[in-house]
1. Sum -39500 (n - 2.57) across every DSSP H segment of at least 4 residues in chain B, then divide by the residue count to get the 222 nm mean residue ellipticity, nearest 500.
2. What fraction of the Cα pairs in segment A:1-104, stated in percent, has a spacing above 18 angstrom?
3. To the nearest µm²/s, what D does Stokes-Einstein give for segment A:296-437 at 10 °C and 1.306 mPa s, using the Kirkwood radius over alpha carbon pairs as Rh?
4. Under the Kirkwood approximation applied to all pairs of distinct alpha-carbon atoms, what is the hydrodynamic radius of chain B in Å?
5. Considering every pair of different Cα atoms, what Kirkwood radius, in Å, is found for segment B:1-148?
6. Semi-axes, largest first, in whole Å: what does sqrt of 5 times each Cα gyration tensor eigenvalue give for segment B:137-188?
7. So what is the relative contact order for segment A:181-335, in percent, with contacts set as C-alpha pairs under 8 Å and at least six apart?
8. I'd like the mean, over residues of B:103-116, of how many other protein chain beta carbons sit within 10 Å of each residue's own Cβ.
């Protein structure tokens, strides 16, 4: 027993601290990688209105306001979200225990009653998380909710979603196992203290944190009958095992998240903060064109030196032509598909899916980022592009710019902006818009109307009205 | 009827007399050329006359705002249009603009300021609501009394600019039964014509967007579908026709309801 104690108090601490540091290191590397990829995008300034942005962040990211557009799913998501936030208090205890070699360090501080209620509440949340994850798995794999079953949701997107849910269920199971076995061990520690050595060998100093008042927790106590028959050694192994799997699982999860669509649990906050605050119908102005138009109109002197400047390219062909906010959007996307679900083009069977566009932006940013890391100082761009290799013209041309996707996103992602930027590329760099649009554009330019009517006819309606031709 | 007394002053005329109007009525391309939609322009003129509004139109000096060009990706054509229109508007020192087209409205209101065109722009739904509230336009239910009306939200008025109530308030004055479609307000479904889709065929799919939307409108069993946008009017009209319901369900613009109720 003495050896086991030394093992627990020294080796475990060392191992735990190492695991913690390695996790922090990996996450920091991932943070740097993702940040660099986001910064592949063009400059975009969000300096104005920090108070409005903060308010949005509190309402929409923290308060989940837009999730409740679908009340039932919103509620289920809230359970997982609240579970995630609050169970972290218990995780904090686990981390402190791990670093200090203590057991349930908050227990003596809070007293057994408060502690029992607190952990009981967390267990209730954990049960909610578990139940919700089961429902979500059923929704994805059995009921097949339409928006989870679109072409872009095959392969990794499908696996990622399921992995996360299974992961969470396993984590919650370990949490309950840990608490149930701990409760039994506490009871045995009390028996030992009272001289009733029914079953031997319990480490009273470790498990007897509640002295003469062992606690059972709200949900995990239902598992006690399952483990009650085990020997104390088996119980300790199970309790420690569950403890380790739970916390290692959480550390592993934290790393996994940075590779997953689940990055939204962190990025939702900055992403909502950096919401585009203009009216959604307003397209971004292209200043380079404004200058060109002013020169054409004769309101601006052409700068002779400007001829030497690099010729600006118009619109977006690759992610590097989008703004960093567009790329942040892409890393924030959790592929819920609410955007695609409300897209008029998508619901009528066209190829366009706003979610796919956003996913493509992330895929492409990852592709460039990985290549940069692989090639280091010898980095040379590949010959792929976002438009062409990921997104097709057919998708882009189907957009009605109705802003339903923008409105639907629970974390204020704007799928419309990259679509319209790529359209600009198609129209201005490739001059490859559909023929009907070519005619429309010619009409606008020549006649001042999208239809082929002479400008002199524009006021004819007034004559018709004056003549009484209702 | 009072055709003889209808006034349609142009900015050029007023300017020559050294006068300036209270508002400029921006007619738009559809309002000028589209046979069906010209009726909306006429309705607006009748209302403005009846309410004794000091207004003017640009006539032949008006040009496309450039909205479809910009949405199609042709920023150069858009900005050329904007520059020319802004020059005309600023020369006449225009302050207030009313337009029945949400696309013109959005472009003039949100996109012209950055190019030097700063005007107080309102959509005719808001303007009609204002005239009603001020008592300048009065009407009862007329032929619409007790009828079922469903209002189709235009994307460029609703989601793009947060205007959901003004059109409904105008319709409420008709003493009719307002019924909502399954998807309405910020969840409203596009008619399928925005983003310059009006000017080309739809991409391959299993359905046209306006058919999907019209199906929803028909399901609400209205006598009238109310619209506040020329594109929506065309798309909803075609959609209703697709279901052979054009005899039972009429598609009317907000202004046409007022004119109809007032028997102007």
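Laboratory data are not the source of any read-out in this text; all were calculated from the coordinates shown. Being a predicted model, the structure only gives us computed values, none of them experimental. Every residue, glycine as well, gets a Cβ built from its backbone with ideal geometry; the counts of neighbours run over all protein chains shown.
1. Per the formula, -11000 deg cm²/dmol.
2. Of the Cα pairs, 72 percent sit more than 18 Å apart.
3. Translational D for this selection: 96 µm²/s.
4. 18.8 Å
5. Evaluated on segment B:1-148, it is 16.3 Å.
6. Calculated on Cα positions only, the semi-axes equal 22, 13, 6 Å.
7. 22 percent
8. 3
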